[in-house]
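First the structure, in the form of structure tokens, and then the observations on it.
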Amino acid sequence: MSQSRFKFEKTNRSLMERLFEPPTVGKMSLVAKVVVYAFLAIWSVFVLFPIYWVIITSFKDATAVNQGPFYIPFVDFQPTLDAWRSQFNTDPYCDLVSVARQLYLLVYNSIAFVVSPVLPLDPMEPQICKIYLAFTNSIVIGIASTVFCVTVGSMAAYALARVQFKPKFGNILVFVGLAVLTILATAFVGIPWWASSTVALALFFLLARAFGRHFTRSLGNGDILFWIISQRILPPIVVVIPVYVMFQAVGLLDTHLALIILYAVANLPIVVWLMHDFFVNLPIELEESAQLDGATRFGIFWEIVLPLTRPGLAATTLLVLVLNWNEYLFAVFLATVKVQTMPIMVAAKNAGEKGVYWWEMCAVIVVMIIPVIIMAIMLTRFISKGVLLGAVKG
Amino acid sequence: MSQTIKDGQPGITPAGFSGRESWGEWFDRHSGTFFIAPAVTLILIFAILPTFYSIVFAVSRVKFTSEGLTFRFVGFKNFAKQLFGTDQVHFLGKTAPVSPVGVAFFVIVTAVVLWWLYRSLKVSTWVGMIGRGISAAMAIFLAWILGASQLSGNSIGTLYTTLFYVLCGCGVQFLIGTGLAFLCSQPIRGKNFFRVIFFIPLMVTPLGVGYAMKMVADITKGPFEPVLRFFGLENWVWSASPWSARLVMMVCDSWQWIPFIFICILAALENVPRDHIEAAEVDGASRIQIFREIIWPQIVPVAVTVLLIRAIEAFKIVDLPNIMTGGGPGSSTESMTLHSVYVWRANDIGTSAAIAYLLLILTVVVCASFFNYVVLGQLRRPQA
């Protein structure tokens, strides 16, 4: 027993052991480490290569693009700023004054639209170069629809987390029936939409009370939450065709408001789902003690609950902002000239008479994706703290 | 579960009665309704109402006239055109000469589905049986189309192209994403660096991804040209043959969506308690054994939820096929959404709405079936 030898880590290990067996519990062997790092490095190259290719193509000129692939700037080809200059210099209105004027135009046109029944004001015409127009539109629509979406969504999520709803099945049936009748009347019989909607609303309030007494089976919070979240299954193409017609009837077709509302509705399920998860995990004692002290529901929401869920709120806002920035299908259908967002502008560059100028397109694509990449990096910080993933563990 | 704050009676405060309820107190008593009303109203007007309105489009012949829109009721003609009529080859694929392989496949799948239906007669309620009947009908229909078109050597249409993107795409993305998450959950340095890098493709605008991939996959000017020349493939045009175009489309879609699965599964893997794993390591289990026996059973609920969410999003694919191939050689890479967009551009709004509705039915039946039979089954299983 006095001659027994113990095998401590890192002493007297054979070569095979050093290579293939982990030195301690919780660490990896050398071969395992090499394999893992190799796979991760390969995948990193696969991920970053298209982005790298787009960035360096934006610094190439016509020969560098068409003569075959050149990979490294300054070694294979000479980088130039031609593509960037042509994007920002072809229009005369490519300066900050035009951007300021565009933002003023948005405010002025919104006010003109609101007061138009009373006081007809002429809307201002945009005078700004295309890429600045698309960029400002993307930022304005993105931020406005994100704020709108997160506000409406977190209020609804808070209500679903703290208040018991019992919508009656009978009311829902009445509503669905009246909606179908309204649509049929407007489409096939030709009654104007505002008349049929008003009649249907009035009938709903009259009939709801009567039906509510017969069909007393009611649904709960879980059903409402499931209904809101399941809206995500709806393919946008089903919604966009009627919405186009609806907006055209109201005259809102090429405006920012149309896109803001539609983007907000498209992302509402995500906000409700994520924020509901955060609110349900808050301890209720804080809110109960505040209510005992006489705070209103909105006061509790604004002063107590929202500051407690600030990381979750920030993560949700970033996620929705990225989704709104990237939205393309709605913009293709609803935005024609004045409300072009960045994706529309990039797609429009595809149709040129002389063929596609890849280097110019890459410059615009870089402008389009750099903000989202920055937002993605910011969002990763939240995700690595485990903020958003509670919802998925569900 | 959610808890409630008990709303007080009007006029009663902890200090005693204070007479009639004020305006603010009335608001507060109905605060739940006021909080949820904007969201419900928005969804009703801009999601539910258009869905119903879309049915009207789908069953009529719509024309833009000087006074606006005219609808002429034509019944199910728009749908029949897609399923049986002139557009059948575009939508379903060529189903004409059916080979024995196709028939055999169809018979086998139908037998399995009917046997499953029979088995569930004993365990399910009558409402459940209706749901199972719908799922079974969809499965049999899809098996017939697959057997008659692809397995008989014919071409497939936009329906199966969409299903290819969803099923094969989600499968590949799930395998690679889980593998990456497993690699990243090992004790390595630089985990956050890899997490940031791997997350970026998910957030890049799909349109930008489409153009970037179109440039990268270009045969003559793209970066793979020397590689192709080395393999003697410099005359191969990936966009000329249907299946290679679909494959490239799936690869590019996977480039964008693998990060989603990676992030979710990585979070789940990091929540597996370390002492189980270390106990197994001390007992001498290899990493693969640990993954299969300890880690995987604990992350299966998250995995199927992530798969469901990814499948729901995958049905909506439209940007990538539009940009990279414009629908592919012929219409081989058109997804159903893209098919609907092209028909809209040809000013046939009724058919466009009909195709959109068929996509909605397909998505709802497939996702609801997956949710009911796989996800709920996993979530109901008691955790080890």
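Where a number appears in this text, it was derived from the coordinates with a stated rule and is not lab data. What you see is a predicted model; the values in this text were computed from it and never measured. Using ideal geometry, Cβ is built from the backbone for each residue, glycine included, and neighbour counts are taken over all protein chains shown.
Sequence-ordered 3J(HN,Hα) estimates for region B:292-307 from the Karplus curve with 6.51, -1.76 and 1.60 and θ = phi - 60° stand at 6, 9, 10, 6, 4, x, 7, 9, 4, x, 5, 4, 6, 5, 4, 5 Hz, glycine and proline given as x. A convex hull fitted to the Cα coordinates of the protein assembly as shown yields 250 cubic angstrom per residue.
Between B:Asn271 and B:Asp283, the modelled label-to-label distance comes to 2.5 nm, taking each label 7 Å out from Cα in the direction of the beta carbon.
Within the shell defined by Cβ-Cβ distances under 13 Å, the residues around A:Ala363 carry a net charge of +1, with Lys and Arg each +1 and Asp and Glu each -1. Oblate is the label for region A:141-229, because the ratio a/c of its alpha-carbon gyration tensor axes (a ≥ b ≥ c) is 1.5 or higher and a/b is not greater than b/c. For A:Phe77, the residues whose modelled amide H falls within less than 5 Å of its own, excluding neighbours fewer than 5 places apart on the same chain, are A:Ile72.
Please report the net charge: other residues with Cβ closer than 12 Å to the Cβ of A:Phe77, K and R +1, D and E -1. Around A:Phe77, the surrounding residues sum to -1. Taking the number of Cβ atoms within 10 Å of each Cβ as an exposure proxy, the fewest-first ranking of A:Ser289, A:Ser145, B:Ser31, A:Ser230 is A:Ser289, A:Ser230, B:Ser31, A:Ser145.
For the segment A:329-342, counting C-beta atoms of other chains within 10 Å of every residue's C-beta and taking the mean gives 1.
Here the Karplus curve 6.51 cos²θ - 1.76 cosθ + 1.60, taken at θ = phi - 60°, turns the phi angles of region B:330-342 into couplings of x, 9, 6, 9, 5, 8, 5, 4, 5, 4, 5, 5, 5 Hz, with x standing for Gly and Pro. For region B:187-314, a simple Cβ point-charge model (Lys and Arg +1, Asp and Glu -1, everything else neutral) yields a dipole of about 320 debye relative to the Cα centre.
Going from the residue with the fewest nearby Cβ atoms within 10 Å to the one with the most, B:Leu44, A:Leu207 rank B:Leu44, A:Leu207. A viscosity of 1.002 mPa s and a temperature of 20 °C, combined with the Kirkwood radius over C-alpha pairs in the Stokes-Einstein formula, give region B:333-384 a diffusion coefficient of 165 µm²/s. Taken along the Cα-to-beta-carbon direction at a fixed 7 Å, the label points for B:Thr51 and A:Ala249 span 2.0 nm. The ratio of the alpha-carbon radius of gyration of chain B to the globular-protein estimate 2.2 N^0.38 Å is 1.25. Shape class of chain A from the Cα gyration tensor (axes a ≥ b ≥ c, square roots of the eigenvalues): oblate, since a/c reaches 1.5 or more and a/b does not exceed b/c. Centroid-to-centroid, using Cα positions, region B:31-72 and region B:302-371 are 20 Å apart.
Quarter the surface of the alpha carbon convex hull of region A:231-316 and you get the mean projected area, 7.7 square nanometres.
If you run the Gaussian network model on chain B, springs between alpha carbon atoms under 10 Å, then out of B:Ile361, B:Ile277, B:Ile261 the most flexible one is B:Ile277. Using the Cβ-Cβ distance between A:Leu119 and A:Lys338 with R0 = 25 Å, the FRET efficiency computed as 1/(1 + (r/R0)^6) comes to roughly 0.70.
For region A:185-289, a/c is not less than 1.5, where a ≥ b ≥ c are the root eigenvalues of the C-alpha gyration tensor, and a/b does not top b/c. That puts it in the oblate class. Which of the listed residues, A:Asn66, A:Leu173, A:Asn89, is farthest toward the dipole's positive end in the protein assembly as shown, when Lys, Arg count +1 and Asp, Glu count -1 at the beta-carbon? The listed residue farthest towards the positive side: A:Leu173. By the rule of a second cysteine Cβ within less than 4.7 angstrom, chain A holds isolated cysteines at A:Cys149, A:Cys362. Here the dipole of the protein assembly as shown is about 1600 debye; that uses its Cα centre as origin and unit charges on the Cβ of Lys and Arg (positive) and Asp and Glu (negative). Mean per-residue shielding of peptide A:153-166 is 5, counting Cβ atoms of other chains within 10 Å of each Cβ.
Distance from the Cα centroid of region B:196-224 to that of region B:130-185 is 25 Å (rounded to whole angstrom). By the beta-carbon count within 10 Å of each Cβ, the least crowded to most crowded order of B:Trp115, A:Trp43, fewest first, is B:Trp115, A:Trp43. From the alpha carbon centroid of region B:242-280 to that of region A:265-300 is 33 Å.
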